[in-house]
């Protein structure tokens, strides 16, 4: 009998068989997350707006796990759910579809209105699964640029750490810089720029910075990591001001190097922001290397799921894109 249920620590031996093709680091990371099951149980019973951890669900046929999906709500916006991992066995494409539809229905009934997934543009099969079979639509894209041999130097920059009281101004900056056609899907609320209520229990760590002028925030930057090894550097600047990208990146690299001797940073280029071409030109001029372009797919809960396509897909995994050898982002 096929059922879909929440992942528990007792499932680890069977889950290990499903993910046996992953590297040792991934298995260890999964084992560590399963050890946090008591926290997971608390998170599971909380209403949507209070959830603070990712949640994983498995599709089981008898005693065998055929697939797994992991979701996490957007911090500050509990009605926007992100799908961060999807695994299913070879030639069991319909398993992936069932898992996606399960979480859409489950969280949609709890009030979620939007579902988002980010897929490497090289994964055509996963792209087709979400677009053609699960009713998602292509929204925008982001490119990650590798920082080779980072050598942070203290910038001559007037900056400060972002405070929760800055959230309204940061949201205004971010939303004003969105290219108009992307605004309906990518607009963000002020609460999304505040520190999570259960910050110590979240699956990631984020440091935020702002540059302000005359009581106006003209640049916002964040450094995010989920493993204290791979770091995403994200920059949003007011297109009406000249802000030195090199100074911003150096600021964030100095912040990381003050805590870690070994780390692998990447700069995120948001291709839905007005000055995205300026950032890309700067990155190319300074010999940064594009290593991955990710497509952002979105589904509104009320949108119908399209007809099922023929089966016969291979094994796919979402959420384990390697940025550096031995480490996943």
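The values are calculated or read from the model by the stated rules, or taken from the named source; none is laboratory data. Because the structure is a prediction, the values reported are computed rather than measured. All Cβ positions, even for glycine, are placed from backbone atoms using ideal geometry, and neighbour counts span all protein chains on display.
Here are some notes:
- Of all the numbered requirements in (1) under 30 Å from residue 209 (Cα atoms); (2) buried (at least 17 other Cβ atoms within 10 Å of the Cβ); (3) in contact with a helix residue (DSSP H, G or I) (Cβ under 7 Å, 6 or more places away or on another chain), residue 154 misses one, and that requirement is (2).
- Residue list for region 125-165, restricted to those being under 21 Å from residue 297 (Cα atoms) and part of a loop (DSSP other than H, G, I, E, B): 134, 135, 136
- No other residue among 169, 146, 206, 110 is out of contact with any strand residue (DSSP E or B) (no Cβ under 8 Å at 6 or more places or on another chain) and surrounded by 13 or more Cβ atoms within 10 Å (Cβ to Cβ) apart from 110.
Conditions tested, residue by residue: (1) under 17 Å from the mean Cα position of the chain (by Cα); (2) free of Cβ contacts under 8 Å to residues at least 40 places away in the same chain.
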{"site": "217", "(1), (2)": "no, no"}
{"site": "220", "(1), (2)": "no, no"}
{"site": "225", "(1), (2)": "yes, yes"}
{"site": "229", "(1), (2)": "yes, no"}
{"site": "239", "(1), (2)": "no, no"}
{"site": "242", "(1), (2)": "no, yes"}
{"site": "245", "(1), (2)": "no, yes"}
{"site": "251", "(1), (2)": "no, no"}
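- Of all residues in region 44-75, those satisfying the criterion of being modelled with pLDDT under 85 and either under 18 Å from residue 227 (Cα atoms) or crowded, with 19+ Cβ neighbours inside 10 Å (or both) are 51, 52, 53, 54, 75.
- Residues of region 173-188 that are in contact (Cβ under 8 Å) with a residue 40 or more places away in the chain, within 17 Å of residue 217 (Cβ to Cβ) and surrounded by fewer than 16 Cβ atoms within 10 Å (Cβ to Cβ): 176 alone.
- Apart from one condition, residue 114 fits all of (1) in the same structural domain as residue 219 (by TED's automatic domain parsing); (2) under 22 Å from the mean Cα position of the chain (by Cα); the exception is (1).
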